[in-house]
Amino acid sequence: MVWNDSQLNVSTHGGNRSPLALAISSDGGRNWTKLLNLEPFNNSVKDYAYVAIEFDNEYAYFAYNERDNKTSSFAIKMSKVKLSSLK
């Protein structure tokens with residue numbers, strides 16, 4: 001699972017969209033263990049959203065939107081995680 005693991009208490013719609021975290025479940029989704037942040041917490045400077053995930057035999061690939069809140073610019077970012085590291 002990939003989600004915005006924000007601990008900030010915000011009152012506006014949407015909230016903070018960083019960090020972008022990765023978790024795994026070993027019991028069919030009843031419990032989740034956070035493994036890492038694909039993108040770090042950045043105090044609302046950048047937002048991360050709209051994640052697509054693809055797999056091959058060796059990696060999990062992630063493509064997602066990055067918005068810079070200072071300039072309102074958007075970019076598509078990609079990252080990968082070795083599947084053997086997710087165990």
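Every residue in segment 69-84 that is among the polar types (S, T, N, Q) and either out of contact with any Leu (no Cβ under 8 Å at 6 or more places or on another chain) or more than 16 Å from M1 (Cβ to Cβ) (or both), please. Steps first, please.
Of segment 69-84, the ones among the polar types (S, T, N, Q) are 69, 71-73, 79, 84.
Hits for segment 69-84 are N69, T71, S72, S73, S84.
Applying the condition of being among the basic types (K, R) and assigned to a strand (DSSP E or B) to segment 56-84 and asking which residue is farthest from L20 (Cα to Cα) yields K82.
Select from segment 58-75 the residues that are among the small types (G, A, S) and touching a residue at least 12 places away in the same chain (Cβ under 8 Å) and write down the one among them that is surrounded by the most Cβ atoms within 10 Å (Cβ to Cβ).
Of all residues in segment 58-75, those among the small types (G, A, S) come to 60, 63, 72-73, 75.
Imposing the further condition that a residue be touching a residue at least 12 places away in the same chain (Cβ under 8 Å) reduces the set to 60, 63.
Numbers: A60: 18, A63: 13.
That would be A60.
Consider I53 carefully, then state whether it is among the β-branched types (V, I, T), more than 12 Å from the chain's Cα centre (by Cα) and assigned to a strand (DSSP E or B).
Values: among the β-branched types (V, I, T): yes; more than 12 Å from the chain's Cα centre (by Cα): no; assigned to a strand (DSSP E or B): yes.
For I53, the condition - among the β-branched types (V, I, T), more than 12 Å from the chain's Cα centre (by Cα) and assigned to a strand (DSSP E or B) - is not met.
Looking across segment 76-87, the residues that are under 16 Å from Y48 (Cβ atoms) and surrounded by 13 or more Cβ atoms within 10 Å (Cβ to Cβ) come down to K77, S79, K80, V81.
Between Y59, Y48, the distinction of being modelled with pLDDT of 90 or more, under 9 Å from the mean Cα position of the chain (by Cα) and hydroxyl-bearing (S, T, Y) belongs to Y48 only.
The values are calculated or read from the model by the stated rules, or taken from the named source; none is laboratory data. Predicted model, so just to flag it, every value in this text is computed and none were measured. Note that each Cβ is placed from the backbone with ideal geometry, even for glycine, and that neighbours are counted across all protein chains shown.
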